[in-house]
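Enquirer: Dumping the structure here so I can ask a few things about it.
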Amino acid sequence: MTPALKLAHALPLLFIAAPTLTALHFYFLTERTAFDSYAPVNLRILFQLPLLGVALWLGFSGKALEGQMPKPVKLALWVLIAAILWGLALNAVEPFVGVVSLMLRGLNVMLALMLIYVIHRAGEGLRRQLILAIPLAYALHFAVVLAMLPGLLASPQVDWLNSPPGIFQVRLWGMSLTAALAVAVVLGASHGAARRVWPLLLALSLATALCYTGTRAALPALAVGFGVTALIVGRPLWRAGLLLLAVLALGALLSLPLPVPHPAYGLISSYQETMGAQNVDQVSAGRVEIWLQAIEIWQNHPVFGIGYDQFRYWNWGRFEGFNQPHNAVIEFFLVFGLVGGLAMLTILAWLWVRACGATRAQPTQERIAALFALNALLALSLLDGTLYQQDTLQMFAVLWACLLARPSGPGGQAKPPAL
């Protein structure tokens, strides 16, 4: 094995380590100022930079995936680019903010392409390791958070809503845990009885963490993601479904004794908020109102949109300063307009169909686990910002790469990098 391929097989370890090292950095090295606590440093770069280096070392170039995209999707891509440029140049309030934000999020597209190529060169083993790394990363992070919890609770400067610990915003933590739990239950259900103990403990720890974050939207997202995945693979996946219900029930009980540092945490707080709601908007935690507001703003520039990441400069009142409307479809039409929004949805639909086809063609437990996580995050994008936030965009990049990549054949037999 060449040094480049050896480094490629270290990428899953770097993915696992990044959230935990971020939490440790937050605990030991953050000054606890208001800004540091609100926007903690995230060490995703520990995975991203080595991936970039490995891909280039193995020969990645712009031509590596040439010919993989059909003409209608290429047309949709060019239409999207045109809508983005029009919106930022002519409609944006702060175009520079939109350009920088778009570049940062576009990095995840490049990471996905590079990871497809690296899996193609490194083989099937790397795909399996990366998929397993997703639940391991967040289970290890949760264990470290529990160990740090007494010290963090004693620090009045910690902004628990926006820095749980080292991950911006508690709901973003819940989004990442949703994907990790989806992977864990499928892998846990696939093992034989003698080998099932550690996957069960892994799934249980993730379910406990998810319940602790109080992320209500995760439950319907997991239900939808599970049902869609079962339909796609053509079998009911009863064992994984029962395991999911069991670990969520037990995880809910285990999360109850944990301290609640903010009203956003915990099942009881979430239950009280839901039961105390007097209308649909309160049940949705304000989402209905923010969606209606976003649609009203969209009417100012319906064709090419208000420009990427400009929502914060248009909204008002209760949601003044919010970055995104907590619904991916509404956001696409808002920032890219009718033209760009349809183009974006076309590209995502094509990628999703390719991922589903790859899973049906080779329904390994790892692929099914990745598809379940992908579907859960897509369902969650209708209620929150999984297609906006950096952590979940990186998760999308890893999942789509693992689903679409085609490892080279025996003896390095030439095959296209992606299905």
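The values are calculated or read from the model by the stated rules, or taken from the named source; none is laboratory data. Please read these numbers as outputs of a predicted model, since none were measured by experiment. All Cβ positions, even for glycine, are placed from backbone atoms using ideal geometry, and neighbour counts span all protein chains on display. The accessibility values were calculated without ligands, DNA or RNA, using every heavy atom of the protein model including side chains. Shrake-Rupley method; radii C 1.70, N 1.55, O 1.52, S 1.80 Å.
Enquirer: Checking the structure you have, find out if any residue of the stretch 332-344 is within 21 Å of Phe168 (Cβ to Cβ) and touching a residue at least 24 places away in the same chain (Cβ under 8 Å). Break it down stepwise before answering.
Expert: Looking only at the stretch 332-344, we keep the residues that are within 21 Å of Phe168 (Cβ to Cβ), and these are 335.
Okay, now just the ones that are also touching a residue at least 24 places away in the same chain (Cβ under 8 Å), so 335.
There is at least one residue in the stretch 332-344 that is within 21 Å of Phe168 (Cβ to Cβ) and touching a residue at least 24 places away in the same chain (Cβ under 8 Å).
Enquirer: Consider Val303 against the criteria (1) at pLDDT 95 or above; (2) of a type in the set (A, V, I, L, M, F, W, C); (3) open to solvent by 60 Å² or more (accessible area, probe 1.4 Å); (4) in a helix (DSSP H, G or I): it satisfies all of them except one. Which criterion is unmet?
Expert: (4) is the only condition that Val303 fails.
Enquirer: If we keep just the residues of the stretch 263-300 that are open to solvent by 50 Å² or more (accessible area, probe 1.4 Å), touching a helix residue (DSSP H, G or I) at 6+ places or on another chain (Cβ under 7 Å) and not hydrophobic (A, V, I, L, M, F, W, C), which is modelled with the highest pLDDT?
Expert: Glu289
Enquirer: Counting only residues that are open to solvent by 10 Å² or more (accessible area, probe 1.4 Å) and in a helix (DSSP H, G or I), which one in the stretch 150-184 is farthest from Pro259 (Cα to Cα)?
Expert: Going through the qualifying residues, I end up with Arg171.
Enquirer: I'd like the full set of residues that are free of Cβ contacts under 8 Å to residues at least 40 places away in the same chain and open to solvent by less than 10 Å² (accessible area, probe 1.4 Å), limited to the stretch 320-331.
Expert: Scanning the stretch 320-331 gives a single hit, Pro325.
Enquirer: Moving on. Pull up the stretch 381-410, narrow it to residues that are more than 27 Å from Gly123 (Cα to Cα) and of a type in the set (A, V, I, L, M), then point me to the one that is surrounded by the fewest Cβ atoms within 10 Å (Cβ to Cβ).
Expert: Leu382
Enquirer: Could you say whether any residue in the stretch 123-131 is more than 22 Å from His326 (Cβ to Cβ), among the β-branched types (Val, Ile, Thr) and in contact with a helix residue (DSSP H, G or I) (Cβ under 9 Å, 6 or more places away or on another chain)?
Expert: Yes, there is a match, as at least one residue in the stretch 123-131 is more than 22 Å from His326 (Cβ to Cβ), among the β-branched types (Val, Ile, Thr) and in contact with a helix residue (DSSP H, G or I) (Cβ under 9 Å, 6 or more places away or on another chain).
Results for (1) within 30 Å of Val335 (Cα to Cα); (2) more than 25 Å from the chain's Cα centre (by Cα); (3) modelled with pLDDT under 95, shown as yes or no for each residue.
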position	(1), (2), (3)
Pro3	no, yes, yes
Leu11	no, no, no
Thr20	no, no, no
Phe28	no, yes, yes
Asn42	yes, no, yes
Leu65	yes, no, yes
Pro72	yes, yes, yes
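Enquirer: On to the next question. List the number of the failed condition for Ala139; all other conditions in (1) closer than 16 Å to Arg239 by Cα; (2) open to solvent by 10 Å² or more (accessible area, probe 1.4 Å) hold.
Expert: (1)
Enquirer: Is it the case, given these coordinates, that Gln272 is farther than 30 Å from Arg367 by Cα and either basic (Lys, Arg) or in a helix (DSSP H, G or I) (or both)?
Expert: Yes: the conditions hold for Gln272.
Enquirer: Quickly run through the stretch 209-243 and pick out the residues that are under 19 Å from the mean Cα position of the chain (by Cα), open to solvent by less than 30 Å² (accessible area, probe 1.4 Å) and farther than 11 Å from Phe372 by Cα.
Expert: Of everything in the stretch 209-243, those that are under 19 Å from the mean Cα position of the chain (by Cα), open to solvent by less than 30 Å² (accessible area, probe 1.4 Å) and farther than 11 Å from Phe372 by Cα turn out to be Ala209, Leu210, Cys211, Tyr212, Thr213, Gly214, Thr215, Ala217, Ala218.
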